[in-house]
Structure formats: C-alpha cells, structure tokens
Number of protein chains: 2
Amino acid sequence: MHRTRVRVVQDALDANQTIARANRADFDRAAVTVVNYMGSPGAGKTSLLEQLLERWEAYQDEVRIGVLEGDIQGRTDADRIAEYHVPVAQINTGISFGGECHLDANMVRSALPELPLDEIDLLVIENVGNLVCPAEFRVGEDLRVMVAAVTEGEDKPLKYPLMFRTADLVLINKVDLLPYLDYDLEKFHAALDAVNPGVPRLLVSARTGAGVDEWGAWLRQEVAARRQVA
Amino acid sequence: MHRTRVRVVQDALDANQTIARANRADFDRAAVTVVNYMGSPGAGKTSLLEQLLERWEAYQDEVRIGVLEGDIQGRTDADRIAEYHVPVAQINTGISFGGECHLDANMVRSALPELPLDEIDLLVIENVGNLVCPAEFRVGEDLRVMVAAVTEGEDKPLKYPLMFRTADLVLINKVDLLPYLDYDLEKFHAALDAVNPGVPRLLVSARTGAGVDEWGAWLRQEVAARRQVA
C-alpha cells in the first residue's frame, strides 16, 4: 500500500516538473525572462507592481514587460494592471482548478495563449497570496521575487523557510510604517540570512514608491544578463 | 478512471471528517469549547493571543484556557505562550507531516495526549499562517476565529472568501496603524458582509491591547452558552 501511494505522489510531482520545463522551453524560445512573484496575502504585491509599471514607461522600449495575475477568484488585480497598458492575463484557481492556494505549471501553461510572448521580454507572474504552497511549485520561472511586509513581523523567514530560502530577491515592503511599529530590521536581516545567506534585498514602499526604482533596475539587469548569455 | 479518482479524493476528505468527529467527541466528553484560530502570516495571531492571556488570569477559575500551536517548524510561539502558565502543546507540520500549510484533524488528534483536556474549558488552536488551506480542514472545532490585519488591505474577504465565509468572529487587528494607512474601514466591512453577512467583528490592536477585553468576553460567553446546553 505504502509503495503505491508514494508512486502516485511522485507522478504528480513529476507532472508539474514536466510542464514547468515545457513552459521554460516556450519562454526561452521567445527570450522572455520570467519572475515568479510571491508573498503573503496583503503583503502589497499588486500595489508594488503598480508602482513599478508607473515607472516602467521610460524603459518599455528596452525591456517590454507583461503580467500574469493569479488569484483564487476575481479579476480585480488584472484590471488594476491593465490600466498601465501592458499585456496582462488572469488565472483564477477557484473556477477551473478547484480553488487551489497556489499557481502550478499547468495553470500557467493554460494561460500562455493569452499572452503575446513574442512581444515581451519580461513576464511577472503574480502568485496567489500565500507564504507556503506557492514555493513548492515551479512554473517555469527564471527568478523568484518575494514581498515581505514589515507589518508581518521579523520572524517570518524562520517560520516559512522554504519560500524565503528559494527567493532570488526579497522586497521588504511598507517601510514607511517603520516609525509606527515595534519592528527590528536587524532581526529580520538575521532571520533572512539564517535561511538564505546574503540573498539580495531591497527596502521598498508601495505607498511612497521608495526603492521601486532600484527594483526596476535589478529586473532590467537580470533581463540583460540573460540576453548576453543567449 | 475518473470514478476511481473521485472515490480516492472522497476517502481522503472523509478521513479528515471522521477524525475531526472523533476529536469533537473527545472535546465534548471533556466539555471543552474549541476555537480554530486562523489568519495570514504576520496578521498578529500570536501577539493577540498573548494580550488575551495577559488579561485572562482574572477569569482562569471561571474558564480555564489551553493552547495548541501549529507551525511548519519551530516552537517559538509555544514558548511565548508558555510564559503565561497555561497548558500549551506545539504541532510542527514540517517534521512529521511533510511541511503542510495547514492543520488537519489528524495532526490535532496526535497532539491531544499532550493536553490535559479535563483541566481546561477552552482550547485555542492556532493554525498555520495561511488564508487559504486551513479553512478547508475542520479539526473538530466549535468556532472559527480569524485575524485580518488592516495592513493587509480592504479587499481580502473577496479574494480569500472561504476563510472569511466560515469565520464565526473576525478580529480586525492593527487598528493602531489606521492613521498611517490609506485604508477604508467601511470598504472592508462591505467586503466582509458580501461573503459573510453580519458576522461578528471586533476592532483590536495587539500592540495597544484595544478590543482584547471584548474578545475575551465574547469567548467566555461562547463557553457559557455551551455549558447551558450541556
């Protein structure tokens, strides 16, 4: 009995990996750098992305950006992003996929026909708000960017280690609230370094726009680095 | 093939329900009212619970409280709670249970021997920080209390409807930060009423202690109501 059960689980994991690789091949063919963009519910993912897009116009010729929004239900986030006149598609995990708490490779694959991959250089895939499950599913991304708000407390890297460990960049959001919180930034840095030593991190604020230019520069540098290799 | 697969899923769901009922029977036998306590990572669940316990001493003869802490890893939260000299046990979903993003009935059942059920009247089970998965698994609770911080934005009930819909009480936390946020409380109330019309809600602050007395009174009233029925 046990052996059968293990085999079934293995198959399911492999299916995600197989589809993630197929996505990866499509992204490579179109020369698109893909970011899996994750964080807690309410960490400020969509608001930060809006700040980024507001500043992106000057760079849109250099690096054309597109967005894929993942939510359990609704298309509020996709509608917000569409205001910035960039290609955007919405995945709802609640209708076709049984209310999943994360995006997986197959959901992303099902949305690819909605996106003009040949007309973009950078695709940001905003995952479902969740610090646990999304980290377990590759969707074919090059990079993982996560948002951790200072309002969430300093201990989160220790309590949700997988997502923090697999992040390539951590955006420390809502720093405009630091004067009103009992939050020790050094403690957060230490917790983050305990699970992902030296990972790049930026202090940002979706409210004031602080640090968003630096995030944009980091993204464009990552796209440029992949172009040189290609 | 499809029929077989449906049957397997059904069995799995039933297993949780069966064990949840066994937990429920044990709780009833010991006359313990059980709260499944949920919310996002960093919503302030543990800090609010500390504020509650700080005020509980005056009522400990009337309603004896115990706590079960669920985390992916670590026992920081259980250690924090133990400071208040109440019975506390810790479940780690990361070691024995494969890093699950929620508590299920079996995990709770495995922890029951650690708790003196006959010596408590109210058990608060703090779930893993997650707005999605915990709502799908009953653990044998009487009541669901969820924490939603104002820093998470007003739209969360619409984006994570299941948890908000199944809550018996919503604690709206971090209200001390309202002066520094662009947060429209009326918008949140409307979103909450759209998924769970009229659900009781309290404005609270884990930082200042505001509203925590009212939360304690609500809990004691729920325990008293169950005593009258029994």
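Peptides B:16-22, A:157-163, B:199-205: what's the order by average Cβ count within 10 Å, highest mean first?
In descending order of packing, they fall as A:157-163, B:199-205, B:16-22.
In Å², rounded to the nearest 100, what is the total accessible surface buried by chains A and B against each other with a 1.4 Å probe?
2500 Å²
Once every DSSP H run of n ≥ 4 in the protein assembly as shown is given -39500 (n - 2.57) and the sum is divided by its residues, what mean residue ellipticity at 222 nm do you get, rounded to the nearest 500 deg cm²/dmol?
Theoretical 222 nm ellipticity from helices: -12000 deg cm²/dmol.
Dividing the Cα radius of gyration by the Kirkwood radius, what Rg/Rh value follows for chain A?
So for chain A, dividing Rg by the Kirkwood Rh gives 0.97.
Using only protein heavy atoms and a 1.4 Å probe, report how much of B:GLU119 is accessible, in Å² to the nearest 10.
About 120 Å², rounded to the nearest 10.
In peptide A:156-167, how many Cβ atoms from other protein chains are near each Cβ within 10 Å, on average?
3
Could you give, in nm with one decimal, how far A:ALA82 is from each other copy of that position, shortest first, with labels 7 Å out from Cα toward Cβ?
So the label point of A:ALA82 gives 5.4 nm to the other copies.
Among the listed pairs A:LYS187/B:LYS187; B:LYS45/B:LYS156; A:LYS156/B:LYS159; A:LYS187/B:LYS174, give every one whose C-alpha distance is greater than 26 Å.
The pairs that break the limit, which is 26 Å between Cα atoms, are A:LYS187/B:LYS187.
Separation of the stretch B:150-222 and the stretch B:30-77 by C-alpha centroid, Å?
17 Å
Charges only on Cβ, +1 for Lys and Arg, -1 for Asp and Glu: so what's the dipole of chain B about the Cα centre, in debye to the nearest 20?
Dipole about the Cα centre, nearest 20: 840 debye.
Considering every residue in B:35-44, what mean count of other chain Cβ atoms within 10 Å of its Cβ is obtained?
5
Cα gyration tensor of the stretch A:161-217, axes a ≥ b ≥ c as square roots of the eigenvalues: rounded (a/c below 1.5), prolate (a/b > b/c) or oblate?
Oblate, since a/c reaches 1.5 and b/c is not below a/b.
Rg/Rh for the protein assembly as shown to two decimals, with Rh computed the Kirkwood way over all alpha-carbon pairs.
The Rg/Rh ratio comes out at 0.97.
Tell me the distances, shortest first, between B:TYR180 and the same position across the other copies, using label points 7 Å along Cα→Cβ, in nm to one decimal.
Computed spacing set for this position: 0.6 nm.
How high is the relative contact order of chain B, given as a whole-number percent (alpha carbon pairs under 8 Å, six or more residues apart)?
Taking the mean separation of contacting Cα pairs over the length of chain B, I get 24 percent.
What's the average, rounded to a whole number, of partner chain beta-carbon atoms within 10 Å of each residue's beta-carbon in A:178-184?
Mean inter-chain Cβ contacts per residue within 10 Å come to 2.
Spin-label point model (7 Å from Cα, Cβ direction): what's the A:ARG55 to A:ALA224 distance in nm?
Between A:ARG55 and A:ALA224, the simple spin-label model gives 1.6 nm.
The values are calculated or read from the model by the stated rules, or taken from the named source; none is laboratory data. Just so it is clear, the structure is predicted and the values come from calculations on it, not from any experiment. Glycine gets a Cβ as well: all are built from the backbone with ideal geometry, and neighbour counts include every protein chain shown. To get the accessible areas, we keep the full protein, side chains included, count just its heavy atoms, and leave off ligands, DNA and RNA. Shrake-Rupley method; radii C 1.70, N 1.55, O 1.52, S 1.80 Å.
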